[in-house]
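First comes the structure, then the notes that go with it.
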Amino acid sequence: MKRPIAVGMILLGVSILLFFFLNLLLGSVTVPAGAVWKIIWGADAGNEIWQNIVLKSRLPQAVTALVAGAGLAVAGLQMQTVFRNPLAGPSVLGVSSGASLGVAFVVLLSGRLGGVALSRLGYMGEIAMTLSAIVGALAVMLLIVWVAQKVKGNVTLLIIGVMIGYVATAIIGVLKFFSAEEDVRAYVVWGLGSFARVSGGQVATFAIIMAVLLPLSMLLVKTLNLLLLGDGYARNLGLNVKRSRIWVIVCAGVLVAIVTAYCGPISFLGLAVPHLCRGIFRTSDHRVLMPASLLAGSSLALLCNLIARLPGFEGALPVNSVTALIGAPVVAVVLFKHRKEDTGE
Amino acid sequence: MKREETIRLESLAIGYHGKHSVKVVAEGISDSICSGELTCLIGENGAGKSTLLRTLSGFLPPVSGEIDILGKPLKSYRETDLAKVIGVVLTEKNNLQNMTVEELVGMGRSPYTGFWGRLRTEDKEKVAQAIDLVGIGELKDRMVQTLSDGERQKVMIAKALAQETPIIFLDEPTAFLDYPSKVEILNLLHRLSSEESKTIFLSTHDLELALRVADRVWLMTKGGGVQTGSPENLIVDPATGRFYFG
């Protein structure tokens, strides 16, 4: 690995460790750094409340942000490459809309059809929401894969994905119109996206699933590099373009489906992090961009979660607002800086 | 140098397969192409030059007839094996950013690299040779997005050379280039065919240049199939005259 790339990766790794620790340290309740350190390593910090706050609230949140950020960034990179479109992101194929539709069906219709509002079911309600999001997202993804086998052009597929998103949003609108106010509120809260929703028990499942999926997605680096050249060249260099495109879509789709199911739709990270990494590392090579996006996605998600939870905001800031407010200017600065260097302005 | 037949076409018909119909673009194409030869495919727009190149590259199935590449039917090749036999330079523009010329030429080694696409020492040597042969040594660290059209075309030719295939197809490699660049590219391709014994088959609209550098010329006319011959024969052929000079 070239030296500047190795240095960049190490810096990203260090930033993850730093932000992860700050996520455990900072919040509305002040816990001393020494106590946090002891709690992480399983030692007795002498205060059960601190122990509970760090282990049962802040740690699951930090782990969720860590893996969700990585998943979304990797999925975004895959989508941008396979569609050769810088505006492609995890939401572009309608997969997040599918998750939203799944949740909307369950949350908004539970009260009317089942007689009991899902929002009152507590833990069972959360699991039902997660499962419905996964089913919704995967259903849309299967539809997209089916379409991908029928159409040749990437642009057609992209447009169909966007259309599916619109249809899902329209159906959600209709469902909202006929639903009880309480259910609509529960759905809106889910739609804001949050790393704090995943409870201690669920976070282990979430992290294990992502720990399997993320290394698997790394297996596509050579495929993604070839797809950069365009379908004709990729095919001439021995790639089965149609099959590879489906693999990449399935991989990105499953990542987005799982993250959305656990955290709700998180915008911006999947779109912006790959651009950030291309700007920083100045390469299109996915052998660099994939691990870089994974690390930068985690780092940025941890930073955003930290800001959303800073004393003063008291967890009131939706993470989606923070991801866009913090990330957009950072990405814009990186892109402008490198554009100037390229053109020598 | 002994010339060997590398491509053989037998009663080939090319075109597009619709859902319920087939649109034939050209038919009855029978000829062969040899190693060490530069063959130029000329013809008006819509005559089927690109369709023929795409069919020979394995991108499109032929409507009927046979295509033999190095003595084996084209359809019998697996994708990964064909990648070691045919290299292409296409008209499609890839909006590549943040990739150096050397990295792009290195992509030509993909059929030979492992799962991660990492270049071994011998792959790097082949890339350096390809860059040298095309004469773009001074460009190798430049980002692809900063190249002119002519430079980019040379880089794609170097990529095809790094691919180490006995056959190279080029779809209008001189399009969008100024006259000196056209001459330079065609001379380069002629040199590669004769010195490296490559089979080079390219489509072009530059009749005058094609007749100057080509060993053989294929003329495609709309609905008229393909006429083949040496540049001298074709230039005196009434069909060529009718088509190009009215």
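The values are calculated or read from the model by the stated rules, or taken from the named source; none is laboratory data. Since the model is a prediction, treat every value here as computed from it, not as a measurement. Positions of Cβ are backbone-derived with ideal geometry, glycine not excepted, and every protein chain shown enters the neighbour counts.
Some notes on this structure:
- Selection status of B:F169, surrounded by fewer than 22 Cβ atoms within 10 Å (Cβ to Cβ) and either in contact (Cβ under 8 Å) with a residue 60 or more places away in the chain or facing chain A (nearest Cβ under 8 Å) (or both): no
- Residues in the stretch B:55-70 that are in a helix (DSSP H, G or I) and either facing chain A (nearest Cβ under 8 Å) or in contact with a helix residue (DSSP H, G or I) (Cβ under 8 Å, 6 or more places away or on another chain) (or both): B:L56 only.
- Residues (more than 12 Å from A:G253 (Cβ to Cβ) and not β-branched (V, I, T)) located in the stretch A:137-156: A:W146, A:Q149, A:K150, A:K152, A:G153, A:N154
- Search result, residues across the stretch A:191-220 that are surrounded by fewer than 19 Cβ atoms within 10 Å (Cβ to Cβ) and either within 30 Å of B:A158 (Cβ to Cβ) or among the hydroxyl-bearing types (S, T, Y) (or both): A:S199, A:T205, A:M218, A:L219
- Those helices (runs of 4 or more DSSP H) of the stretch A:188-236 in which at least 2 residues are away from every other protein chain (no Cβ under 14 Å), of a type in the set (V, I, T) and under 17 Å from A:A252 (Cα atoms), considering only elements entirely within it, cover A:200-218.
- Flag for B:P73 being free of Cβ contacts under 8 Å to residues at least 24 places away in the same chain, away from chain A (no Cβ under 11 Å) and either within 23 Å of B:I200 (Cβ to Cβ) or surrounded by 14 or more Cβ atoms within 10 Å (Cβ to Cβ) (or both): yes
- Contact map, the stretch B:85-100: residues that are touching a residue at least 40 places away in the same chain (Cβ under 8 Å) paired with residues that are surrounded by fewer than 16 Cβ atoms within 10 Å (Cβ to Cβ), Cβ distance under 6 Å, separation 6+ or inter-chain. Pairs shown: B:Q97/B:Q145; B:T100/B:D141.
- Residue count for the stretch B:96-123, restricted to those that are closer than 21 Å to A:V82 by Cβ, surrounded by fewer than 20 Cβ atoms within 10 Å (Cβ to Cβ) and more than 7 Å from every other protein chain (Cβ to nearest Cβ): 1.
- Note on the stretch B:31-49: among residues that are of a type in the set (G, A, S) and assigned to a loop (DSSP other than H, G, I, E, B), the one that is farthest from B:Y16 (Cα to Cα) is B:G36.
- Filtered residues of the stretch A:1-25 (kept if over 23 Å from the mean Cα position of the chain (by Cα), of a type in the set (A, V, I, L, M) and either in a helix (DSSP H, G or I) or buried (at least 16 other Cβ atoms within 10 Å of the Cβ) (or both)): A:I5, A:A6, A:V7, A:L25
- When B:I200, B:I185 are checked against the criterion of being outside any helix (DSSP H, G or I) and not basic (K, R), B:I200 stands alone in meeting it.
- Of the set (1) out of contact with any Lys or Arg (no Cβ under 9 Å at 6 or more places or on another chain); (2) surrounded by fewer than 18 Cβ atoms within 10 Å (Cβ to Cβ); (3) at pLDDT below 85, all apply to A:Y166 but (3).
- Exactly one residue out of B:T165, B:T146 is within 23 Å of A:T283 (Cβ to Cβ) and not basic (K, R), and it is B:T146.
Rundown of residues vs (1) under 21 Å from the mean Cα position of the chain (by Cα); (2) of a type outside the set (D, E, K, R); (3) modelled with pLDDT under 90, yes/no style:
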residue: A:G238; (1), (2), (3): no, yes, no
residue: A:K242; (1), (2), (3): no, no, yes
residue: A:V256; (1), (2), (3): yes, yes, yes
residue: A:A261; (1), (2), (3): yes, yes, yes
residue: A:G264; (1), (2), (3): yes, yes, yes
residue: A:V273; (1), (2), (3): yes, yes, no
residue: A:C277; (1), (2), (3): yes, yes, no
residue: A:D285; (1), (2), (3): no, no, no
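- Selection from the stretch B:11-31 of residues that are within 18 Å of B:K75 (Cβ to Cβ) and exposed (fewer than 13 other Cβ atoms within 10 Å of the Cβ): B:S11, B:H17, B:V22
- Test: residue in the stretch A:45-52 that is assigned to a helix (DSSP H, G or I), surrounded by 15 or more Cβ atoms within 10 Å (Cβ to Cβ) and out of contact with any strand residue (DSSP E or B) (no Cβ under 8 Å at 6 or more places or on another chain): yes
- Check on B:L189, closer than 14 Å to B:A130 by Cα, within 12 Å of the chain's Cα centre (by Cα) and more than 14 Å from chain A (Cβ to nearest Cβ): yes
- Residues that are assigned to a helix (DSSP H, G or I) and under 16 Å from A:A88 (Cα atoms) do occur in the stretch A:277-288, at least one of them.
- For the stretch A:254-281, the set of residues classified as aromatic (F, W, Y), out of contact with any Lys or Arg (no Cβ under 9 Å at 6 or more places or on another chain) and either under 30 Å from A:G200 (Cα atoms) or away from chain B (no Cβ under 14 Å) (or both) consists of A:F268 only.
- Options A:L93, A:L72, A:L101, A:L87: the member that is over 16 Å from A:G161 (Cβ atoms), among the hydrophobic types (A, V, I, L, M, F, W, C) and in contact (Cβ under 8 Å) with a residue 60 or more places away in the chain: A:L72
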